[in-house]
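Chemist: Pasting a structure here, questions to come.
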Amino acid sequence: MDTTDARTQQLGVSRPPLAVEDLPEPEEVFRVSRLGPRQLFMYALGPSLIALGISIGSGEWLLGPESVGRYGFIGVGWVILISAVLQTFYNVEISRYVMATGEAPVVGWGRVPPGYLLWAPLAVFVVIFAFIAGGWAASAGQGVYALVHGRIPPAGAEEPRLWAIALLVVVFLLTLFAKRISRALELANWLMVGSILIALVLVDLFIVPFDLWWEGIRGFFTPAAPPPGITATQLGGLVGFTALASGLNWYVMGHYRDKGYGMGYRTGFIAGLRGAGKPLRDNGVTFPDDAANAARWKRWYRLLLADQWGIFFIGAMLGMLLPTILMARAVELSGQKPTEANVPTFVASVLNEHYGSGMFYLTLAIGVLVLFSTQLGIFEGMVRVATDAAHANSPRLRRLIEGDPRRFYYPFMFALLVVISIVLHFALPTNLVRWSANMSNLGALIFPFLLIYLNRRLPKAARPRPWHYVLLIINVIFFGFFFVNFIADFIADPLVTF
């Protein structure tokens with residue numbers, strides 16, 4: 001990191017130098033005298049739950065169970081594990097930059113040559129292009145329809161789409177009336193993710209025999225060729241949305257800034273309409289290379305590891321195991337396999353036949369919670385990325401909105417709501433989700449390289465070790481292959497068939 005003067009340090013190109021201030025202590029940020037286990041869960045951990053709420057959704061409830069239901073665990077499960085490990089590691093490396101600079105990743109990309117005029121609009125475009133198809137919203141709408149009517153929706157029905165739009169409106173209202181948007185999302189996901197995992201454990205203990213539990217667990221740790229009949233495009237969708245969104249995971253990691261992790265405490269956050277708090281700075285802040293700040297950095301880094309590996313990774317693996325073994329049991333009971341059209345409600349309809357309407361409605365309610373938590377995180381994340389990029393890079397916009405990012409955030413969210421409401425009419429929900437997942441793999445060909453450039457220039461205490469860069473390149477190779485295959489399949493023939 002180049003030094004401009006004693007109070008600023010230049011990182012990269014194109015954007016202003018970072019201000020230099022001391023790292024805060026975690027106790028100062030979370031307003032506690034001591035950060036023990038109770039305070040850790042009540043105040044410090046949480047941003048990973050927003051990512052986990054998205055994670056336990058399109059991949060875990062739709063693409064994973066569909067793949068297992070049609071092809072079994074062996075040859076699929078170990079691909080899920082590799083994806084989850086690589087993505088959790090990638091999350092940590094992205095969040096490293098956020099903690100060390102207080103900048104959201106979409107702002108940091110603008111420091112990579114040739115600068116923000118390329119990377120900021122490209123990053124926003126890729127995220128919105130990947131997720132605007134609205135498959136996550138359409139799938140949630142199908143679940144609500146079945147919950148209301150007690151049956152799966154007929155093909156082409158309009159009402160599930162109307163429910164999907166209604167849920168988008170719920171997300172809009174939740175952010176509108178929040179004091180601090182990130183905190184509102186955290187609390188909502190503590191409730192939803194906790195309820196989902198507890199309910200799934202109870203249902204699986206009641207319904208799924210031990211041999212299927214063991215087969216599911218064994219599948220994660222049994223390297224094997226992909227099962228015959230599955231395509232690399234299907235596997236690409238699965239790995240893209242296992243854990244989160246492969247190369248695009250960075251669009252959620254800005255919540256560490258809003259939580260106040262590291263230098264995020266110095267840069268502020270996006271407040272809801274009822275909130276105030278620290279105004280969001282348009283430029284980042286970093287810390288000096290000295291012993292006191294290096295010690296504080298180690299404390300923040302340990303908190304990040306606990307949040308990502310202790311909550312996100314474990315939750316993502318449970319979130320994939322529990323629905324997939326339930327799907328496998330539903331396939332056993334029915335003698336049928338799920339299709340792209342009925343996968344959102346397949347398990348519920350099978351359990352209705354064998355265990356009665358109570359289990360039908362319980363499973364549907366779990367599914368709606370799963371998909372709504374995904375809907376909440378993705379919809380808000382698209383708006384957040386665009387807001388951060390616009391607020392940081394456009395002095396003219398800052399003057400127009402008088403430095404208040406909410407004046408951009410809410411109109412943009414409403415406009416995006418209208419566009420998604422139109423787009424989700426054009427394909428089956430599962431096809432839309434698979435499109436989003438494979439577009440997420442596109443990010444793996446771009447953003448790890450940008451991250452390597454940025455993290456090499458952080459204060460010495462915050463820089464990654466050499467093997468971290470190797471794992472980032474493995475992310476590029478693993479997820480990038482599936483995107484290249486997706487394009488080849490779209491144009492002509494897939495690169496690999498099984």
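Laboratory data are not the source of any read-out in this text; all were calculated from the coordinates shown. Predicted model only: the values in this text are computed from it and were never measured. Cβ placement follows ideal geometry from the backbone for every residue including glycine, while neighbour counts extend to all protein chains displayed.
Chemist: Would you calculate the volume per residue, in Å³, of the smallest convex hull containing every Cα atom of the range 63-141? Working shown, then result.
Modeler: Details: hull volume 10.7 nm³, N = 79.
Dividing the Cα hull volume of the range 63-141 by its residues yields 136 Å³.
Chemist: Expressed in nm², what is the orientationally averaged projection area of the convex hull enclosing the Cα positions of the range 2-491?
Modeler: Dividing the Cα hull surface by four gives the mean projection, 22.1 nm².
Chemist: Okay, next question. Just to compare against my own numbers: the Cα pair-distance distribution for the range 281-336, 10 Å bins, whole % per bin, please.
Modeler: Pair shares across the bins are 19, 22, 22, 16, 11, 9, 2.
Chemist: While we're here: I'd like to know which of Leu173, Leu445, Pro16 lies farthest towards the positive end of the charge dipole of the chain, counting +1 on Cβ of Lys and Arg and -1 on Cβ of Asp and Glu.
Modeler: Going by the Cα projections, it comes out as Pro16.
Chemist: Per residue of the range 155-164, what does 6.51 cos²θ - 1.76 cosθ + 1.60 with θ = phi - 60° give for ³J(HN,Hα)? Whole Hz please, x for Gly and Pro, Karplus curve as stated.
Modeler: Calculated HN-Hα couplings, in order: 4, x, 5, 7, 4, x, 5, 5, 5, 4 Hz.
Chemist: Sticking with this structure for a sec: How are the Cα pair distances of the range 353-429 distributed, in percent, across 10 Å bins from 0?
Modeler: 16, 31, 25, 16, 8, 4, 0
Chemist: While we're here: By DSSP, what percent of the beta bridges with both residues in the chain are antiparallel, rounded to the nearest 5?
Modeler: DSSP beta bridges in the chain are roughly 80 percent antiparallel.
Chemist: Please list, in order along the range 450-458, the HN-Hα scalar couplings obtained from phi with the Karplus expression 6.51 cos²θ - 1.76 cosθ + 1.60 (θ = phi - 60°), rounded to whole Hz, x for Gly and Pro.
Modeler: Values, residue by residue: 5, 5, 4, 4, 5, 5, 5, 10, 6 Hz.
Chemist: Give me the distance in nm between label points sitting 7 Å out from Cα along the Cα-to-Cβ direction at Arg218 and Asp290, one decimal.
Modeler: Inter-label distance under the simple model: 6.0 nm.
Chemist: Using a Förster distance of 51 Å, how high is the FRET efficiency between Ala166 and Gln10, based on the Cβ-Cβ distance and rounded to 0.05?
Modeler: Details: r = 48 Å, r/R0 = 0.94.
Efficiency, rounded to the nearest 0.05: 0.60.
Chemist: Continuing with the same structure: When the Kirkwood hydrodynamic radius is evaluated over all pairs of different C-alpha atoms of the range 207-342, what value in angstrom, to one decimal, is obtained?
Modeler: Values: mean 1/r = 0.0521 Å⁻¹.
Evaluated over the range 207-342, this radius sits at 19.2 Å.
Chemist: At a 10 Å Cβ-Cβ cut-off, how would you order Trp109, Trp309, fewest neighbours first?
Modeler: In order of increasing Cβ crowding within 10 Å: Trp309, Trp109.
Chemist: Determine the calculated [θ] at 222 nm for the chain from helices alone, applying -39500 (n - 2.57) to every DSSP H run no shorter than 4 residues and normalising by the residue count; nearest 500 deg cm²/dmol.
Modeler: Details: 23 runs with 318 residues, N = 498.
Rounded to the nearest 500, it is -20500 deg cm²/dmol.
Chemist: Mind listing the Cα extents of the range 94-241 along all three principal axes, in Å, largest one first?
Modeler: Here the spans come out as 54, 43, 32 Å, largest first.
Chemist: In debye to the nearest 20, how big a dipole does the chain give about its Cα centre with +1 on each Lys and Arg Cβ and -1 on each Asp and Glu Cβ? All intermediate terms of the calculation are to be shown ahead of the outcome.
Modeler: Working: 38 positive and 31 negative charges, 277 e Å.
The dipole of the chain has a size of about 1340 debye.
Chemist: Count the lysine pairs in the range 2-491 that are 8 or more places apart or on different chains: how many have C-alpha atoms under 23 angstrom apart?
Modeler: Pairs that pass both the separation and distance tests number 5.
Chemist: Also: What FRET efficiency, computed as 1/(1 + (r/R0)^6) with R0 = 45 Å and r the Cβ-Cβ distance, is obtained for Val484 and Ser195, rounded to the nearest 0.05?
Modeler: Working: r = 39 Å, r/R0 = 0.86.
Once rounded, the FRET efficiency stands at 0.70.
Chemist: Do me a favour and compute the ellipsoid semi-axes for the range 172-259 from its Cα gyration tensor, root of five times each eigenvalue, largest one first, whole Å.
Modeler: Square roots of five times the eigenvalues give 33, 22, 11 Å.
Chemist: Okay, next question. Along the charge dipole of the range 256-313, which of Ala295, Gly310, Asn283 sits closest to the positive end, that is, farthest toward it, with unit charges on the beta carbon of Lys, Arg, Asp and Glu (+1, +1, -1, -1)?
Modeler: Gly310
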